[in-house]
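Q: Take this structure, written in structure tokens, and hold onto it; I'll ask about it next.
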Amino acid sequence: MKLREIQRRCASEMYVNVTFDCCYKAKKIVNEKTVGNYKEEFGLLWDYAYELRSKMPGSTIKMVVQRMIVDSLPYFKRYYVCFEALKRGWKAGCTPLIGLDDCFLKGPFNSEFLTIVGRDANNQMVPITWTVVEVECTDSWPSFLVSYQLIWAWKMGMGTQLSVTNK
């Protein structure tokens, strides 16, 4: 929300005239609190991955972080998820055709959501696996597809086709 909009809404909804500087400080405080929540949630990703692995055996959950120096805080690179039930469901009831898709995740930490989908008997999309990456780059898609290939190559064998659509 822009500062002028905050100022206008304070005047029209709360009948209070506030300065532009006051709106700037209030917006800054809210943004800092939101980012703080994201940092706490980032710390919980390890626990989430552990819970998924313990409750859903056979599922693949990988989290990759990078440290610039040994004592620095970890820097998020990617989070890969492939549930065993989705693997079995796709293998049992879907055509051997996969598609790739992506979308941008907006917020304080911009990232991208990459997914591999299949088609079921009703020609509906079925998610197979997905990952969240820091940014789409020359490393994101290949590492995602390598993770997919390592998990599926020995199970599916030859004959799986790949469809790439960029809309």
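The values are calculated or read from the model by the stated rules, or taken from the named source; none is laboratory data. Everything numeric here is computed off the predicted structure, so don't read it as measured data. Using ideal geometry, Cβ is built from the backbone for each residue, glycine included, and neighbour counts are taken over all protein chains shown. Heads up: the accessible areas ignore ligands, DNA and RNA and are worked out on the full protein's heavy atoms, side chains in. Shrake-Rupley method; radii C 1.70, N 1.55, O 1.52, S 1.80 Å.
Q: Check off (1) surrounded by 13 or more Cβ atoms within 10 Å (Cβ to Cβ); (2) more than 30 Å from residue 126 (Cα to Cα) for residue 14 and give me the number that stays unchecked.
A: (1)
Q: Can you confirm whether segment 25-40 contains a residue that is open to solvent by less than 100 Å² (accessible area, probe 1.4 Å), more than 26 Å from residue 74 (Cβ to Cβ) and not in a helix (DSSP H, G or I)?
A: Taking every residue of segment 25-40 in turn, none turns out to be open to solvent by less than 100 Å² (accessible area, probe 1.4 Å), more than 26 Å from residue 74 (Cβ to Cβ) and not in a helix (DSSP H, G or I).
Q: Between residues in segment 94-123 that are in a loop (DSSP other than H, G, I, E, B) and residues that are of a type outside the set (Val, Ile, Thr), which pairs lie under 6 Å by C-beta distance while being six or more apart or on different chains?
A: Pairs that qualify, where the first residue is in a loop (DSSP other than H, G, I, E, B) and the partner is of a type outside the set (Val, Ile, Thr), are 108/38.
Q: May I ask you to list the residues in segment 80-122 that are open to solvent by 40 Å² or more (accessible area, probe 1.4 Å), closer than 21 Å to residue 64 by Cα and in contact with a helix residue (DSSP H, G or I) (Cβ under 7 Å, 6 or more places away or on another chain)?
A: If the condition is that a residue be open to solvent by 40 Å² or more (accessible area, probe 1.4 Å), closer than 21 Å to residue 64 by Cα and in contact with a helix residue (DSSP H, G or I) (Cβ under 7 Å, 6 or more places away or on another chain), then 108, 109 are the ones that fit.
Q: Please work out which one of (1) surrounded by 14 or more Cβ atoms within 10 Å (Cβ to Cβ); (2) of a type in the set (D, E, K, R); (3) part of a helix (DSSP H, G or I) is the condition residue 77 fails and give its number.
A: (3)
Q: Any idea which of 125, 63, 56 is in contact with a Phe, Trp or Tyr (Cβ under 9 Å, 6 or more places away or on another chain) and open to solvent by 60 Å² or more (accessible area, probe 1.4 Å)?
A: Of the residues listed, the single one that is in contact with a Phe, Trp or Tyr (Cβ under 9 Å, 6 or more places away or on another chain) and open to solvent by 60 Å² or more (accessible area, probe 1.4 Å) is 56.
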